[in-house]
Every structure is written in C-alpha cells, then in structure tokens.
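The values are calculated or read from the model by the stated rules, or taken from the named source; none is laboratory data. Because the structure is a prediction, the values reported are computed rather than measured. Positions of Cβ are generated from backbone atoms using ideal geometry, with glycine treated the same way; all protein chains shown enter the neighbour counts. Please note that ligands, DNA and RNA were not included when accessible areas were found on the heavy atoms of the full protein model with its side chains. Shrake-Rupley method; radii C 1.70, N 1.55, O 1.52, S 1.80 Å.
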Amino acid sequence: MAQARNTMSLPDRYCVMGNPIAHSRSPRIHTLFAQLTGQALVYEAELVALDGFDAALRQLVQTGTRGMNVTVPFKLDAARLADSRSDRVLRAGAANTLVVDADGRVHADNTDGLGLVADIVRNAGVALAGQRVLLLGAGGAAAGALAPLIAQAPALLVVCNRTHAKAQELVAQHADLVEGSATQLLALKAGALEGPFDVVINATASSLQGAAIPVAGHLLRPGALAYDMMYGPAAQPFLQWAAQHGAQGRDGLGMLVEQAAEAFALWRGVRPPSQPVLAQLRSELDAH
Ligand code: NAP
C-alpha cells in the first residue's frame, strides 16, 4: 500500500468511505471536532463502488489523504488490505479507522467498541463491571464491541445471534481474554437465555429491517439499560420495547460520536470534546 504522499501545504485531508454514504454524519462530526480543537483539516464523504474499495483506498493514499473512516460494507476489506492492524482489528476481523503514515503505510484500527463503552459508561453513567450483559448480534459491530466490553469486567457476557455458529465463533476468538478472570463469556441461542440482564445491547441490523426485537422482554431487569447501536427513526421500535419492559432505552448516536472521537485522537493526537458535539448532533436529529 506504500505510496509517495502529496506534500502540498493544504489542510490535511480525511474522509469516510462507504456505500451508501450520503446519510453519513461523520463529515459533520469531524468538522465540529476540528473547529473545537483548532485543527486545520478537511473531511469528506467518499462513495466507493461496491467492487472498488481496493482501488479507491490506493487512490486516496496516493493523493495524500491522512486517514479514513470505513463503514458498511467495507470494514472487512479495510482490515484485510491494511499494512498493519491493531489487536482489536485482529480479533474483530473488521476495521472502521485507517491511519496513513508519512510513507503512505496504512494502519487499521477499530474504534466502534471503544465508542460504545464510552457512551455507556461515561455518557449514560452505567457501569459494566460486575454486571450481566447480553450482546445481540455477531456481525462486524458486535465483533468490534466484544474486547472493549470484556475489558470492563462484566460478571457475565452472553453473545446471542440469529446464526448461532457466528456467536460461537466470536466467543472462541475472545476466550483467552477472560481466562483466569471473573468474567464468564458465553454464546447462547435465544431460547437458552436466562435473565435478568442489567444491560442488553442490540448490535443486530434488525432495527434497520423493521424486524421483531430478537429477544424476549422479560430478560430485562427493571431499570436495565437497553442499548440499540442504531439511532434516528430506525431505533424507535427497540427504544419503545425497552420502555414497555421498564428499561432505560438509549440509541447509538453517542456511540457514533465517541467512535469518531477515538478516530480523531488516533489521527491528530488530540482528544476532541465529545459532549458538545453529541448535544449538537442530538438537536439536529430531533429537528428532522
Ligand atoms: P452486519 O455485520 O451486517 O451484522 C448484522 C447482524 O445483525 C448479524 O448478527 C445478523 O445476524 C443480525 N441480523 C440481521 N437481521 C436480523 C434480524 N432480522 N433478526 C435478528 N438478527 C438479525 O452489521 P454490523 O456492521 O454489525 O451493524 C449492526 C448494526 O449496528 C447496524 O444497525 C449498524 O447501523 C449499527 N452500527 C452502529 C454504529 C454506531 O456508531 N452507532 C457503529 C457500527 C454499527 P446473522 O449473523 O444471523 O445474519
């Protein structure tokens, strides 16, 4: 991937690569981060052809782009094509952040799970240590979340997915992280789940498809946190389900902002303030 970088004295360039991409709020978030931290950069959305990620990445690196966020459906390609990978990427097999060094070498990281944990623990004020946590889904988002969730030392962390084999595979890939710890990590089918859970995290695409909530409401402890990684109208059925079962619902907007803050810190070495940006995004979302 190494390419000569264009060294013209223009603001550093970053982008988000995806397909579709028009809906992405990442340009808005990173532009606000740049303003708040006084960093000179431009951040754009790049629509990438479904069979064109490799070529698009090479082109962006060659023309001097310093870093990329990567979204659906290219997170696996990003992990595969990078020159080096963080431990989080090696475990998840998916990357959402690419950092390009001065020689054009691409390092892959995954900040999705860090963003999720930051939003739950810091923004929502819900501790995960010693808690019973249910993670629904075993796709890229769930894979990225697992190691950061384990690092919070829950008492129990159950992965439940429609395709059970994928949950089993994900748990096997992370089993060494809980060896000798007080955390029990299990893959269970929906019918085998035994509540109550203190935290239920929906990392499935069921909300997007308008499908039924993938688990029974009685699994929620009263007052539990029920978290959907989706946000906006698509998250509403899950949030209503949470309220009907006496749980505290939360959507994934904070995760989106926090994963972006982690990426910004990797690129710029400066941690942006996420709270004012989350408040701004929330008011813009509510206005639509
Ligand atoms: P993915 O890799 O395509 O995985 C999709 C997951 O959803 C799989 O586990 C799949 O199960 C499950 N699923 C799909 N339809 C379902 C249904 N009708 N009932 C039950 N399970 C179903 O997608 P992803 O990248 O992990 O993303 C998952 C969600 O997280 C999306 O809604 C995405 O927008 C959101 N997300 C949010 C953020 C954020 O910053 N807020 C970041 C990343 C992702 P099978 O394995 O059985 O197919």
### Summary
Expressed to two decimals, the range 1-122 has a Cα Rg over Rh, using the Kirkwood radius, of 0.95
### Task
Give a residue-ordered list of calculated ³J(HN,Hα) values for the range 44-55 (Karplus: 6.51 cos²θ - 1.76 cosθ + 1.60, θ = phi - 60°; whole Hz; x for Gly, Pro).
10, 9, 10, 7, 10, 4, 4, 9, x, 5, 4, 5
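Going highest first, how would you order 235-242, 276-283 by mean Cβ packing within 10 Å?
Packing order, densest peptide first, comes out as 235-242, 276-283.
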### Message
Two decimals, Cα atoms only, Kirkwood Rh: what is Rg/Rh over the range 70-168?
### Response
1.02
### Summary
Rounded to whole angstroms and listed largest first, the alpha-carbon spread of the chain along its three principal axes comes to 59, 42, 33
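What's the carbon and sulfur percent of the chain's accessible surface, probe 1.4 angstrom, rounded to a whole number?
53 percent
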### Semi-axis lengths, Å, the range 179-252, gyration tensor of Cα atoms, sqrt of 5 times eigenvalues
22, 14, 12
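Taking the radius of gyration and the Kirkwood hydrodynamic radius from Cα positions alone, what is the Rg/Rh ratio for the range 220-288, to two decimal places?
1.07
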### Principal axes of the range 141-288: Cα extent on each, largest first, Å
41, 38, 27
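Using a 1.4 Å probe, what is the accessible area per residue for the chain, in Å²? Please report the intermediate quantities before stating the final value.
Values: 12500 Å² over 288 residues.
Ligands and nucleic acids excluded, the result is 43 Å² per residue.
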### Scaled radius of gyration (Cα, divided by 2.2 N^0.38 Å) that the range 35-78 gives
1.31
#### Entry: Hz values of 3J(HN,Hα) by residue in the range 232-245 - Karplus curve (6.51, -1.76, 1.60), Gly and Pro given as x
x, x, 5, 7, 4, x, 5, 5, 5, 4, 4, 4, 4, 10
### Summary
Once amide hydrogens are built 1.01 Å from N within the peptide plane, the residues lying 5 or more places from VAL200 or on another chain with amide H under 5 Å from its amide H are LEU134, LEU225, ALA226, TYR227
